[in-house]
Structures are given as C-alpha cells and as structure tokens.
Amino acid sequence: MFTTSDICQILGQLAPLPAAESWDNVGLILGRPERPVVRLMTCLTLTPAVAREATAGKVQLIVTHHPLLFRAAKSITSDTIEGQILLELIEAGVDVYSPHTAFDNADLGINQWLAESLGFASISPLRPFPRNISGQHDISGGSGRIGVFAEPQPRQAFLEKLATAIDAKYMEVAWHGSDCVTRVGLACGAAAEYLSDAVQANCDTFVTGEARFHSAVECQSRRVNLVLTGHFSSERPAVVKLARVLAERLPGVECFASEEDRDPLELFQFND
C-alpha cells in the first residue's frame, strides 16, 4: 500500500522540486502524508468540475500541474472558488500535490517530452540552471529547450508535426523569419519571458503556449517565427502521460487523468 508520502517521493524523483522556479508553489499543498492512496488522478488545472470528479470517484490524491494556493491566503472560506475547492477536498479526504515548473523543467518533464516528440537531432536547455542548482539531486539541464533539426523543416510540415504532437485544435502563428525551421526554442505554458533566451540562442522559431501581443510584435521586429499553441494544449498531453508513468511505478494504485480537465477556451468562427 502506497501512502501520499510515498508518492510524493516518487514525484520528487520525476520532477525534483529544486528545479522549480523560485516564485512557484510546488510539492504537497494539501493533505496528510500518511494517507493510503488507492486512486490517483492527474489534471492540468484543479477546477470545481475536476474536484467534483475526484470526490465522486473516491480519489485520495490529485496531482495538479497548476497549483492551488499559488498566492498566500489568510483565510479559506466558501466565499471564493479556490476556498470552495479546498473545503470540498478536505471534507472528502483528498490530498493535492503540484509539481508545476519542476515538471516543466525536469529531465523527464513537459518541455523535454515536447522536444523529443518533435524529433530534433539535438536538444539542450534554453535557460541552463545555475551551477548551485544543477549540482543538487541529480538535476541537470534547465528551463525550456532548444531543439535543432538535422534537416530544415518546411513551415507547413513543422506546424503539422507540432499540432499532432500536442493534439492542438488550432494554433496562432506570427511568421516573420525563414520559411524553413531549423533551430527552435520552446517553453510550455505562458512563457514569453524566454523569448529573449531564444533570440540570444539564435533560434529561428520560438514556441510557447501563450504570449502577450507585444511579444508577437517583438518577434516581428527580430524576424523570429512565433507559434502559440494554446496554454492547455502545450501542457495537457504531458499530464496524461504522467498518469501512465505513475501507474507503472505504483502497482496497486489506479492512476488516471481527469476527464473534466478541459481547455476553457475554444475558437469561434463566423460563417461567411
């Protein structure tokens, strides 16, 4: 029988917490470390619908990529949506763990998985960790990834490969550079802050989940191709994969990805 504490240790091996960004809130956020776990559910975002799914399904542990209590809270009441979620989970005996940016950055994490799925000939960190971090807990690499293709990829082929890898229904593209893609900087989620790293690394293309308008304008000025996959699409596939990885490491624990964890955005098109 595995406990929440046991699973936290395994998650810490998959996504070492020192690899998380300094501003993040990662690790066991809610729960009793000694609680036995028979059912575990992963999700990208812990919404009220996901919380109801967990309590109805008698889940003992939720692994949510996006953490609750991201900002300091002075009270937990049903007056807020986050408070309602937390109270429901506490009353149902459900623990909550978030790996967030530790999982983004990990050697087996989201950015590495995405880079590998695109078939690059070489992969390296977009923003390497400082030595005082990379020397701990066998952590190597850094934030984001740079991927280099062995042969230049035509624009259409690259975009189709990317969309297929993350099962994207649509992507936003600002194409201002070469028609072929060779050197790509990528960072999942809302990671336009890594655009400067991609430019410094001479990437012809930068891929992230979402970005502000001014980041697109900057790409235009710098002649860098920008691809916005959507925040959900950039991270959800890895959350599903995490459930499968945990199932392999936790015999006797039913591990599955939430079915209520859905993209809150959809594309609206006018009919001509």
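The values are calculated or read from the model by the stated rules, or taken from the named source; none is laboratory data. Remember, it's a predicted structure, so these values are computed and weren't measured experimentally. Reconstructed Cβ throughout: ideal geometry from the backbone, glycine too, with neighbour counts over all protein chains shown.
Table for the structure above
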read-out	value
Failed item in (1) crowded, with 19+ Cβ neighbours inside 10 Å; (2) at pLDDT below 95; (3) closer than 15 Å to Ala198 by Cβ, with His176 passing the rest	(1)
When residues of the stretch 204-236 are limited to those that are within 20 Å of the chain's Cα centre (by Cα) and acidic (Asp, Glu), the one surrounded by the most Cβ atoms within 10 Å (Cβ to Cβ)	Glu235
So Glu21, is it touching a residue at least 12 places away in the same chain (Cβ under 8 Å) and closer than 24 Å to Ala191 by Cα	yes
Asp167 vs. criteria within 29 Å of Asp24 (Cα to Cα) and surrounded by fewer than 16 Cβ atoms within 10 Å (Cβ to Cβ)	yes
2 or more residues of a type in the set (Gly, Ala, Ser) and out of contact with any Leu (no Cβ under 8 Å at 6 or more places or on another chain): qualifying strands (runs of 3 or more DSSP E) within the stretch 15-134	122-128
One residue from Val63, Val37 being at pLDDT 95 or above and either among the hydroxyl-bearing types (Ser, Thr, Tyr) or more than 20 Å from Asp107 (Cα to Cα) (or both)	Val37
Some residue of the stretch 48-61 being hydrophobic (A, V, I, L, M, F, W, C), touching a His at 6+ places or on another chain (Cβ under 6 Å), buried (at least 16 other Cβ atoms within 10 Å of the Cβ) and not assigned by TED's automatic domain parsing to the domain that holds Cys188	no
